[in-house]
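Trainee: What follows is a single structure, and I will ask about it in a moment.
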Protein chains: 2
Amino acid sequence: MPVSFDFTNVLSFITNSEFENISEFVKQAHNQLHQQTGPGSDYLGWIDWPINYDKEEFLQVKLAAERIQQQSDALIVIGIGGSYLGSKAAIEALSHTFHNQVKGNTEVYFAGHNISPTYITHLLQLLEGKDISINVISKSGTTTEPALAFRIFRTLLEKKYGKEEARNRIYVTTDRSKGALRNLAVEEGYETFVIPDNIGGRYSVLTPVGLLPMAVAGLNIDQVMQGAKAAYHKYNNPVLATNESYQYAAVRNIFYNKGKSIELFVSYEPGLLSTAEWWKQLFGESEGKDEKGLFPASVNFSTDLHSMGQYVQEGHRLFFETVLQVKKPSLDLVIQEDPANIDGLNFLAGKTMDEVNKKAALGTSLAHVDGGVPNLVIELDELNEFTFGEMIYFFEKACAISGTLLGVNPFDQPGVEAYKTNMFALLGKEGFEKEREKLENRLLPSGNSQNDEVKIQ
Amino acid sequence: MPVSFDFTNVLSFITNSEFENISEFVKQAHNQLHQQTGPGSDYLGWIDWPINYDKEEFLQVKLAAERIQQQSDALIVIGIGGSYLGSKAAIEALSHTFHNQVKGNTEVYFAGHNISPTYITHLLQLLEGKDISINVISKSGTTTEPALAFRIFRTLLEKKYGKEEARNRIYVTTDRSKGALRNLAVEEGYETFVIPDNIGGRYSVLTPVGLLPMAVAGLNIDQVMQGAKAAYHKYNNPVLATNESYQYAAVRNIFYNKGKSIELFVSYEPGLLSTAEWWKQLFGESEGKDEKGLFPASVNFSTDLHSMGQYVQEGHRLFFETVLQVKKPSLDLVIQEDPANIDGLNFLAGKTMDEVNKKAALGTSLAHVDGGVPNLVIELDELNEFTFGEMIYFFEKACAISGTLLGVNPFDQPGVEAYKTNMFALLGKEGFEKEREKLENRLLPSGNSQNDEVKIQ
């Protein structure tokens, strides 16, 4: 099985009756989801997406990717949150570790995912003398971070190539019909791709949002969709005993109700670091509301066994681990005999490095279970486009069920507005005058201000 | 003040009497630390290090760095845990964002911090045709990850340059007098640097462990040590009211005792991502023992406001935030007017990008406080070698006090051995036969094995 879930290492922490007791609730969550009767049912377009996606647009994505590869040395992907995390995860997991430094590759850089002038200045310096194209990804076109970056890169392109040629180098992924970015694209005649109305940002990696950057980086997006399709069929039934995606959701819910507060996402390949970041958004944004939800955190082993390992083994027992394991390594190396054997590692000679990595993983898992840390294992047969697509859908489906079991709307993100309102008010945006007044009073050096200089006596 | 600590945003969560009550305990912890009477007192060499470090060796580090810059296109730093996190943090914080891609720079790559055959194969491919030097960093020389990588790179160098010239390209940072790596270095005549006996890995960034890679990357390590020295004097007194490093330690302890489980390290510059990883090792490894300790996690804003932001604003209220803020940006950009104003961002025209970044930070802090998340702020005047050195020492001192207040030995890491023992046993290392037998029985498909294939009914 390309993607499989193994919870044997939680069986000393959870009883069989706990699984039995939750199974009817899982069925209920499944029915709410598939009958679109649960919270957030306007955002369920991702469920059937692996079979219902727009095949013509998919072809257009591949053609655009080829054009970008021909016309440019580098693609700048402008997006934030769900508009960049999925493609970044895929490219890092499936391409060369040093993709942007390998000759012949179309380089892919991300921008508009921060407001750091240092980052963007350095990126502009790096791009000097390179031919570039842009893929700007934003539902509205007014989100501050990507909109600021797009201003800068659009101006750069128009200066560098002239307005006409710049048009051929700007690719827009946005709302089907409305919004500032759609309007601009129509006006300027940019090539466009659609962010479906009924698919939220964190569920959008299998749409053009994620697919175009992946294809430009050289990934086989047909295989990504094939993997997702396989997962669609595999995780389409309500029975806990046979649906591994739901088993993962159920175990999460059981541990949360037992008092675990943190889920620690573990991988043993550096290429999976950004997959962990994508996973954090998926689960954190879906479940972190109403003062509930497992806190999603991540580590990369064996690297972090030498930093966070001590805590995981013996610290506060408030978490469980979800290990993303890859069965067959993409590459491997045989460890050589050293006649002097100064490091004492000759007992490893003839073994492959992946064998050592796997024994580290197994040894760690056993040690952590002994230390009171339950271990879930999600295993990919190998790390390729197919299993990546399958894994994405495995997590998406699990997240929807898990959030529903938790009693939240897994598809909204009301809390994301709070800082934006304050930021706009502090920056003097029109329409935020009242908020500005309130904040300014609060920030006054006198009175009961939070920022008052108070000294410890 | 180059580095300062502001806890005004926690004052609605902590009362003055809590500070008063803890102040005598802080004094006690300070005295234990400075009189070397507390737990782990064999590992206090870092306290006086900023004034007592070996000035001759420091000069040798600078000369070696110059030689490496002249002889090679790239330096491979081989180390794990405290042997790479500090220099990686410094280089990412203080160098060009795309350091390794900027012409004229001596590239710096890390290896031996994982067991991934994919990573090391890709790195070897990338280095084809480049002149390279190695800095291998290991107290013993037998830690699996760096020892394996050193085998590979030493062989590569000897093949590429011959044994004689390879010797001139291998720089060893290890124990002063004993261990496999020291013995090899003496035998082969490699240039060596000392990891002091009384300074643990996570406290070693200001020794040659961190300084040599930093210097090769072009950082001014004199300034790093100047900053550390300033911090040594600044945080050398036991009085909570005036010692900001101790204030940070005290606030952490108070929140832990109030039931907070997670400390979320926040920064607003992508260049500080690895500083967060360094910080996680420092605090996680120092405090995560005896089933205690705050779980250290990190986010990079505004980036992650679009992924983890929802959770931070409205999820389970089990954490507080420690924000590392940089006052004066390294670089800045003025936002330009766009006549069409399609994105509606003209209200920002004429402002700098850093102003927007700062208002995002302030708006976020206020929103999170409203959402029940206390905010500590550690502010660096600017991000340079001096403030980096000062910040390192600020955290080191705070961590020692914090761990002492928690009642643990902040300087050991007994839990790190558990997975190693299992790994060695599973790999058939001599001397681990009994453990191997135990594990093999446990892993048998029959019996009460944890890995038994159990199905949910």
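The values are calculated or read from the model by the stated rules, or taken from the named source; none is laboratory data. Note that the structure is predicted; figures quoted are calculated from it, not measured. Backbone-built Cβ (ideal geometry, glycine too); neighbour counts: all protein chains shown.
Trainee: Is at least one residue of the range B:67-82 part of a helix (DSSP H, G or I), hydrophobic (A, V, I, L, M, F, W, C) and at the interface with chain A (Cβ under 8 Å from one of its Cβ atoms)? Steps first, please.
Mentor: Of all residues in the range B:67-82, those part of a helix (DSSP H, G or I) come to B:67-71, B:81-82.
Those left that are additionally hydrophobic (A, V, I, L, M, F, W, C): B:68.
Now drop any that are not at the interface with chain A (Cβ under 8 Å from one of its Cβ atoms), which leaves none.
No: the range B:67-82 contains no residue that is part of a helix (DSSP H, G or I), hydrophobic (A, V, I, L, M, F, W, C) and at the interface with chain A (Cβ under 8 Å from one of its Cβ atoms).
Trainee: Might you check whether a residue that is closer than 15 Å to B:P208 by Cβ, touching a Leu at 6+ places or on another chain (Cβ under 7 Å) and of a type in the set (S, T, Y) occurs anywhere in the range B:135-146?
Mentor: Yes: the range B:135-146 contains one or more residues that are closer than 15 Å to B:P208 by Cβ, touching a Leu at 6+ places or on another chain (Cβ under 7 Å) and of a type in the set (S, T, Y).
Trainee: Let me ask something else. In the set B:K327, B:K351, which member is in contact (Cβ under 8 Å) with a residue 12 or more places away in the chain, more than 22 Å from A:K438 (Cβ to Cβ) and among the basic types (K, R)? Outline the logic, then answer.
Mentor: On the way: B:K351 fails: more than 22 Å from A:K438 (Cβ to Cβ).
Result: B:K327 is the single residue among B:K327, B:K351 that is in contact (Cβ under 8 Å) with a residue 12 or more places away in the chain, more than 22 Å from A:K438 (Cβ to Cβ) and among the basic types (K, R).
Trainee: Do you know which of the residues in the range B:166-181 that are under 15 Å from B:N135 (Cβ atoms) and not in a loop (DSSP other than H, G, I, E, B) is nearest to the other protein chains (Cβ to nearest Cβ)?
Mentor: B:L181
Trainee: Filter the range B:414-434 down to residues that are farther than 20 Å from A:Q310 by Cβ, more than 7 Å from chain A (Cβ to nearest Cβ) and charged (D, E, K, R), then give me how many there are.
Mentor: Count: 2.
Trainee: Got a number for residues in the range B:413-446 being surrounded by 13 or more Cβ atoms within 10 Å (Cβ to Cβ), in contact with a Ser or Thr (Cβ under 9 Å, 6 or more places away or on another chain) and of a type outside the set (A, V, I, L, M, F, W, C)?
Mentor: Result for the range B:413-446: 6.
Trainee: Could you tell me whether any residue of the range A:393-405 is within 7 Å of chain B (Cβ to nearest Cβ), in a helix (DSSP H, G or I) and over 20 Å from the mean Cα position of the chain (by Cα)?
Mentor: For the range A:393-405, residues within 7 Å of chain B (Cβ to nearest Cβ), in a helix (DSSP H, G or I) and over 20 Å from the mean Cα position of the chain (by Cα): absent.
Trainee: Take the residues in the range B:138-186 that are surrounded by fewer than 22 Cβ atoms within 10 Å (Cβ to Cβ) and of a type in the set (D, E), then tell me which one is nearest to A:E337 (Cα to Cα).
Mentor: Taking the candidates together, the pick is B:E158.
Trainee: Here is a further query. Return the residues of the range A:84-106 that are out of contact with any strand residue (DSSP E or B) (no Cβ under 8 Å at 6 or more places or on another chain), within 9 Å of chain B (Cβ to nearest Cβ) and assigned to a helix (DSSP H, G or I); say none if nothing qualifies.
Mentor: Keep residues of the range A:84-106 that are out of contact with any strand residue (DSSP E or B) (no Cβ under 8 Å at 6 or more places or on another chain), which gives A:85-86, A:89-90, A:92-98, A:101-105.
Of the ones still in play, those that are also within 9 Å of chain B (Cβ to nearest Cβ) are A:85, A:96-98, A:101-102.
Correct list: A:L85, A:Q101.
Trainee: If the Cβ limit is 8 Å and pairs must be 6+ apart or interchain, which residue in the range B:17-32 that is within 14 Å of chain A (Cβ to nearest Cβ) pairs with which residue that is among the small types (G, A, S) and part of a helix (DSSP H, G or I)?
Mentor: Pairs that qualify, where the first residue is within 14 Å of chain A (Cβ to nearest Cβ) and the partner is among the small types (G, A, S) and part of a helix (DSSP H, G or I), are B:F19/B:A250; B:I22/B:A250; B:S23/B:A250; B:V26/B:A249; B:V26/B:A250.
Trainee: While we're on this one: Quickly run through the range B:300-331 and pick out the residues that are assigned to a strand (DSSP E or B) and either at the interface with chain A (Cβ under 9 Å from one of its Cβ atoms) or not polar (S, T, N, Q) (or both). Break it down into steps so the answer makes sense when it comes.
Mentor: Let us first name the residues in the range B:300-331 that are assigned to a strand (DSSP E or B), namely B:300, B:319-328.
Selection gives B:N300, B:F319, B:F320, B:E321, B:V323, B:L324, B:V326, B:K327, B:K328.
Trainee: Which of (1) away from chain B (no Cβ under 12 Å); (2) without any contact (Cβ under 8 Å) to a residue 40 or more places away in the chain is the odd one out, the single condition A:A231 does not satisfy?
Mentor: With (1) away from chain B (no Cβ under 12 Å); (2) without any contact (Cβ under 8 Å) to a residue 40 or more places away in the chain applied to A:A231, the lone miss is (2).
Trainee: Identify, please: which residue in the range B:107-128 is part of a loop (DSSP other than H, G, I, E, B) and facing another protein chain (nearest Cβ under 7 Å) and is, among those, surrounded by the most Cβ atoms within 10 Å (Cβ to Cβ)? Outline the logic, then answer.
Mentor: Applying the first criterion (part of a loop (DSSP other than H, G, I, E, B)) to the range B:107-128 yields B:112-116, B:128.
Still in the running and facing another protein chain (nearest Cβ under 7 Å): B:113-116.
Details: B:H113: 26, B:N114: 26, B:I115: 27, B:S116: 29.
Looking at the filtered set, the residue picked out is B:S116.
Trainee: Taking the stated definitions as given, is B:F5 touching a Lys or Arg at 6+ places or on another chain (Cβ under 8 Å), of a type outside the set (V, I, T), touching a residue at least 12 places away in the same chain (Cβ under 8 Å) and assigned to a strand (DSSP E or B)? Working first, answer last.
Mentor: Details: touching a Lys or Arg at 6+ places or on another chain (Cβ under 8 Å): no; of a type outside the set (V, I, T): yes; touching a residue at least 12 places away in the same chain (Cβ under 8 Å): yes; assigned to a strand (DSSP E or B): yes.
No; evaluated as a whole, the condition is false for this residue.
Trainee: Looking at the range B:229-241, can you tell me whether even one residue there is of a type in the set (K, R), within 30 Å of B:R67 (Cβ to Cβ) and in contact with a helix residue (DSSP H, G or I) (Cβ under 8 Å, 6 or more places away or on another chain)?
Mentor: Here is the first cut: in the range B:229-241, the residues of a type in the set (K, R) are B:229, B:234.
If we keep only those that are within 30 Å of B:R67 (Cβ to Cβ) as well, we get B:229.
With in contact with a helix residue (DSSP H, G or I) (Cβ under 8 Å, 6 or more places away or on another chain) added as a condition, the list becomes B:229.
Looking for residues that are of a type in the set (K, R), within 30 Å of B:R67 (Cβ to Cβ) and in contact with a helix residue (DSSP H, G or I) (Cβ under 8 Å, 6 or more places away or on another chain), one finds at least one in the range B:229-241, hence yes.
Trainee: While we're here: Given the criteria assigned to a loop (DSSP other than H, G, I, E, B) and facing chain B (nearest Cβ under 7 Å), does A:Q281 qualify? Reasoning before the result, please.
Mentor: On the way: assigned to a loop (DSSP other than H, G, I, E, B): no; facing chain B (nearest Cβ under 7 Å): yes.
For A:Q281, the condition - assigned to a loop (DSSP other than H, G, I, E, B) and facing chain B (nearest Cβ under 7 Å) - is not met.
Trainee: Residue under question is B:A215, and the condition is that it be farther than 24 Å from B:G288 by Cβ and over 23 Å from the mean Cα position of the chain (by Cα); does it hold?
Mentor: Numbers: farther than 24 Å from B:G288 by Cβ: yes; over 23 Å from the mean Cα position of the chain (by Cα): no.
No.
Trainee: Can you tell me which condition A:F193 does not meet? The list is (1) out of contact with any Gly (no Cβ under 9 Å at 6 or more places or on another chain); (2) within 29 Å of A:Y232 (Cα to Cα); (3) part of a helix (DSSP H, G or I), and all the others hold.
Mentor: (3)
Trainee: Restricting attention to the range A:187-241, report how many residues are small (G, A, S), crowded, with 19+ Cβ neighbours inside 10 Å and out of contact with any strand residue (DSSP E or B) (no Cβ under 6 Å at 6 or more places or on another chain). If you could, list the steps in order and put the result at the bottom.
Mentor: Keep residues of the range A:187-241 that are small (G, A, S), which gives A:189, A:200-201, A:204, A:210, A:215, A:217-218, A:227-228, A:230-231, A:241.
If we keep only those that are crowded, with 19+ Cβ neighbours inside 10 Å too, we end up with A:200-201, A:204, A:210, A:215, A:217, A:227-228, A:230-231.
Filter again for out of contact with any strand residue (DSSP E or B) (no Cβ under 6 Å at 6 or more places or on another chain), leaving A:200-201, A:204, A:210, A:215, A:227-228, A:230-231.
Final tally of qualifying residues: 9.
Trainee: Just checking, which of B:V369, B:V408, B:V377 is in contact (Cβ under 8 Å) with a residue 60 or more places away in the chain, crowded, with 16+ Cβ neighbours inside 10 Å and assigned to a loop (DSSP other than H, G, I, E, B)? Full working, then the answer.
Mentor: Details: B:V369 fails: assigned to a loop (DSSP other than H, G, I, E, B); B:V377 fails: assigned to a loop (DSSP other than H, G, I, E, B).
Selected residue: B:V408, the only one of B:V369, B:V408, B:V377 that is in contact (Cβ under 8 Å) with a residue 60 or more places away in the chain, crowded, with 16+ Cβ neighbours inside 10 Å and assigned to a loop (DSSP other than H, G, I, E, B).
Trainee: Right, another one. Exactly one condition in (1) more than 7 Å from chain A (Cβ to nearest Cβ); (2) hydroxyl-bearing (S, T, Y); (3) closer than 23 Å to B:T364 by Cα is not met by B:S286; state its number.
Mentor: B:S286 satisfies all of (1) more than 7 Å from chain A (Cβ to nearest Cβ); (2) hydroxyl-bearing (S, T, Y); (3) closer than 23 Å to B:T364 by Cα except (3).
Trainee: Further question on the same structure: Hey, B:I342 hits all of (1) touching a residue at least 24 places away in the same chain (Cβ under 8 Å); (2) over 29 Å from B:I91 (Cα atoms) but one; which does it fall short on?
Mentor: (1)
Trainee: Next question, about the same structure. When you check B:G201 against the structure, is it within 18 Å of B:S72 (Cα to Cα) and touching a residue at least 60 places away in the same chain (Cβ under 8 Å), yes or no?
Mentor: On the way: within 18 Å of B:S72 (Cα to Cα): no; touching a residue at least 60 places away in the same chain (Cβ under 8 Å): yes.
When the stated conditions are applied, B:G201 does not pass them.
Trainee: Just to be sure before I move on: is A:K434 out of contact with any Phe, Trp or Tyr (no Cβ under 9 Å at 6 or more places or on another chain), on the phi < 0 side of the Ramachandran plot, in contact (Cβ under 8 Å) with a residue 24 or more places away in the chain and not hydrophobic (A, V, I, L, M, F, W, C) in the structure I sent? First the steps, then the outcome.
Mentor: Working: out of contact with any Phe, Trp or Tyr (no Cβ under 9 Å at 6 or more places or on another chain): yes; on the phi < 0 side of the Ramachandran plot: yes; in contact (Cβ under 8 Å) with a residue 24 or more places away in the chain: no; not hydrophobic (A, V, I, L, M, F, W, C): yes.
Here the answer is no, as A:K434 does not meet what is asked.
Trainee: Which residue out of A:A74, A:A29 is of a type in the set (G, A, S) and either surrounded by fewer than 16 Cβ atoms within 10 Å (Cβ to Cβ) or farther than 16 Å from A:L212 by Cβ (or both)? Can you show your working first?
Mentor: Numbers: A:A74 fails: either surrounded by fewer than 16 Cβ atoms within 10 Å (Cβ to Cβ) or farther than 16 Å from A:L212 by Cβ (or both).
Testing whether each residue is of a type in the set (G, A, S) and either surrounded by fewer than 16 Cβ atoms within 10 Å (Cβ to Cβ) or farther than 16 Å from A:L212 by Cβ (or both) leaves just A:A29.
Trainee: Restricting attention to the range A:254-273, which residues are out of contact with any Ser or Thr (no Cβ under 6 Å at 6 or more places or on another chain), over 11 Å from A:P374 (Cβ atoms) and touching a residue at least 40 places away in the same chain (Cβ under 8 Å)?
Mentor: Selection gives A:Y256, A:G259, A:I262, A:V266, A:S267, A:Y268, A:G271, A:L272, A:L273.
Trainee: For A:E355, state whether it is facing chain B (nearest Cβ under 10 Å) and either modelled with pLDDT of 95 or more or in contact with a Ser or Thr (Cβ under 8 Å, 6 or more places away or on another chain) (or both).
Mentor: On the way: facing chain B (nearest Cβ under 10 Å): yes; either modelled with pLDDT of 95 or more or in contact with a Ser or Thr (Cβ under 8 Å, 6 or more places away or on another chain) (or both): yes.
It is true that A:E355 is facing chain B (nearest Cβ under 10 Å) and either modelled with pLDDT of 95 or more or in contact with a Ser or Thr (Cβ under 8 Å, 6 or more places away or on another chain) (or both).
Trainee: Further question on the same structure: In this structure, does B:T275 turn out to be crowded, with 21+ Cβ neighbours inside 10 Å, in a helix (DSSP H, G or I) and more than 8 Å from chain A (Cβ to nearest Cβ)?
Mentor: Working: crowded, with 21+ Cβ neighbours inside 10 Å: yes; in a helix (DSSP H, G or I): yes; more than 8 Å from chain A (Cβ to nearest Cβ): yes.
Taking the combined requirement at face value, the residue satisfies it.
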